[in-house]
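One structure is given below, encoded as structure tokens.
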Amino acid sequence: MKVRYLKLTVLILVFTLLFSRFLMPVSAALSEINLGSASTFGLLANTMTTVGTSVYGDTGAITQTGIPFLTNGSNHINDSAYNTANSDLGNAIINANSQTPTIIGTPGADLGGLTLLPGVYSYPGAVNIGTDVTLSGNDVFIFQIEGTLDTVANTKISLTNGAQACNIYWVVKGATTLAANTSFEGNLMSESAAVTVGINTTINGRILSQNAVTFTNPGPSIITVPTCVQALPTPTVTPTVTVTPTTSALPTTVTPTATATSPAVTPTPTPTAVLSTATPLVTPTASAVVVAPTGTPTATPTATPTATPTATPRTMPVPTYPTGAPVDGKLIGESELVEIWLLPNGGIVIVAQLPDNTKETGVWSFDLGGVVYTIEGNRSVSYTVLKAPVGTYNISVKFTPQSGPVYSFEAVPVTVPTVTGGELPNTATPWYNMLLVGSVFTIMGVVMWRRKLRE
Amino acid sequence: MNNMNMKNKVKNRKRVNLISLGSLILGVFFISWAMIHIQKETAPTVYTENTNLTSNNVIQQNAFKSNSFVPVETSYPISTPNHDDILYPIRPLEGDTIGNLTIPALKQIIPIIHGTDEDELEKGIGHFSQSVLPGENNNSVLSGHRDTVFAKLGELKLGNTLIVETSAGIFTYKISAIRIVHKEDLTIIVPTDHAVLTVITCYPFHFIGAAPDRYILTADLI
């Protein structure tokens, strides 16, 4: 009888497992959203109001108030290019909303403080970004938001582990508000409600709307159309250390190992920027030095903006700098295009940008006294090292674009002080604890033996 | 009935015998094991009569001479140090041996390892990684086990010297303060306005169990 029931149970179990395999929904493969002709636009809107707005890419609208400063792009007012882009945007929004969600969120969700992996996130209501959020992974992120999308001032969206702005899509049905000093990543696709952009906001992506887009007075804000980096190697979690042979005459007994144990927040890909002191550097007047890949020193190239002349001549608005300076940081080192900030918790923030209007995508690398960190990025970067080496040393910054010469910045000497209120290290060995345990056992044994003797 | 009771009593007695004997054996075993490790020679001393302990201090441009321990607030002035102040252009990683500590009064020379995890403390003195390296102009913190490298630390007195040798040179410190604090004291590892060496170990030195306090030596660079 028991064996019969056992056989029946096994049979039911196997059947259920087999059947459920067919019932389980086939997960839709994540695919990039084709923006069509809208992909060249950094800013697209039905009604556009700009003030102090710089766009690296095209802009287009039916009606426009204020004229954005353009680099590598054209302004299209109610022409065929705009109409085609607007139509392609509509198709892209439909396509994005048709993707099968992999994560269902809750209305009023706050993404602040989270680290999100690639996938299709569906929110049946509003979404807030109350503090910094991290998107991690070299794949597509789609956020389907039925309600509003709001960021809090000074919020930053960070990309780690190969995540790229070109693969991030925020598809919003309700109104969108990017508060002041927001650092936004990805393509904001607004279906039917207004987008408001606060002052000092940087968008590494696009704002594509079928409604109004308004930039808050007095600006400035910067939109940069991202380029997907395909040729870079697969990111790995463990950063590798490239030890720079020192040119100093000091004898050294320090032998760093090949793997850094540095707990950097942003895992990095294998560095492609090799810091070779053998490469001779030419130092022109600018602080960013260009090094040709073959090692032949060259003069600094001059970046020539190719903006289409606008109807009203105007001067280029000065972008806010540094774009990623921490609110509670203390400046401990700087050069013309690099700033180093010390955080209260002992971390440091490195803020750097390429000279002039250089528009590049590539890999930033930071050498902190021989410990190297890298991150993919474009013309500006704000990189946090949680546990920076303590003491006095140089921080060297380099940018290796996808193609073209490497940018080497002047080394910035910094002094990171001993931490305040550090916990005293645990210097206990287990032996005195073992002595205690042994003593307890011995006393127990003696007491029980004496009791037995009395009996 | 009496026979049943007798049998039970015998069984219980045997059980108690086993437990008490087992406890005794275990207790003796643990005590022996612990004592062997505690007594084992763990502070490598390469100190002979011919050991040259003459200190050739590296001249630091911004070195302060002070006999007092003055912690500074975190609101230090922003200054860009000269490149000459960079004693360690390549920073060590956890587990790297960064130098030696010589204690002439105890006739000991002990290696210093970067990091204060158990892996590092097993090999010698650990350098607290969130403090500056020896010789740099701030508070450099070293720590070690009370039953190994710092077993004799209690014998040191004010005025005794501690000599640290690293890739950046040889730095001589003079002990200016000795304190005993609770193990959770957060006022020891703080920045200072001059080069200081702080040495930490557990206290009391022979406390059985986890020691509740820490023995702190503070020494100024001379």
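Readers should treat all values here as calculations from the given coordinates under stated rules, not as data from a laboratory. Just so we're clear, the structure is a prediction, and the values are computed from it rather than from any experiment. Please note: Cβ atoms are built from the backbone with ideal geometry, for glycine as well, and neighbour counts cover all protein chains shown.
A cut-off of 5 Å between modelled amide H atoms, ignoring neighbours fewer than 5 places along the same chain, links residue A:186 with A:204, A:205, A:206. Here residue A:196 and residue A:334 are evaluated by their C-beta separation; at R0 = 35 Å the FRET efficiency comes out at 0.60. Mind listing the long-range amide H neighbours of residue B:203? Cut-off is under 5 Å, sequence gap 5 or more, other chains count too, H placed in the peptide plane at 1.01 Å from N. Under 5 Å from the amide H of residue B:203: B:213, B:214, B:215.
Of all DSSP-defined beta bridges confined to region B:83-221, some 80% are antiparallel rather than parallel. Pairs of alpha carbons in region A:36-224 separated by more than 25 Å make up 26% of all such pairs.
For residue A:112, the residues 5 or more places off, or on other chains, whose built amide H falls under 5 Å of its own are A:130, A:131. For residue B:7, a cut-off of 16 angstrom between C-alpha atoms picks up these aspartates and glutamates, skipping any fewer than 8 places away in its own chain: A:455. Distance between the 7 Å Cα→Cβ label points at residue A:154 and residue A:83: 4.8 nm. Modelled label positions at residue A:94 and residue B:15, each set 7 Å beyond Cα in the direction of Cβ, lie 8.1 nm from each other.
The distance between label points at residue B:33 and residue A:34 comes to 6.9 nm (points 7 Å beyond Cα on the Cα→Cβ vector). Residue pairs exceeding 18 angstrom between C-alpha atoms, taken from B:123/B:183; A:452/B:14; B:107/B:174; B:107/B:183; A:156/A:398: B:123/B:183; B:107/B:183; A:156/A:398. Per the Debye formula on identical point scatterers at the alpha carbon atoms of region A:122-202, with no solvent, log10 I(q)/I(0) at q = 0.20, 0.24 Å⁻¹ is -0.87, -1.22.
Each of A:156, B:11 has some number of other Cβ atoms within 10 Å of its Cβ, and from fewest to most they run B:11, A:156. Segment residue B:186..residue B:206, full-extension length gain: 4.8 nm, with 0.36 nm per residue of separation and the alpha-carbon distance subtracted. Relative intensity of region B:83-221 on a log10 scale, I(q)/I(0) at q = 0.22 Å⁻¹, equals -1.57, per a Debye sum over C-alpha point scatterers of equal strength in the absence of solvent.
Label point of residue B:107 set 7 angstrom out along Cα-Cβ; within region B:141-169, amide nitrogens under 18 Å from it belong to B:149-157, B:161-163.
The ranking of A:398, A:359 by Cβ neighbour count inside 10 Å, starting from the fewest, reads A:359, A:398. If Lys and Arg each add +1 and Asp and Glu each add -1, what is the summed charge of the other residues whose beta carbon sits under 13 Å from the beta carbon of residue A:184? So the surrounding residues net to -1.
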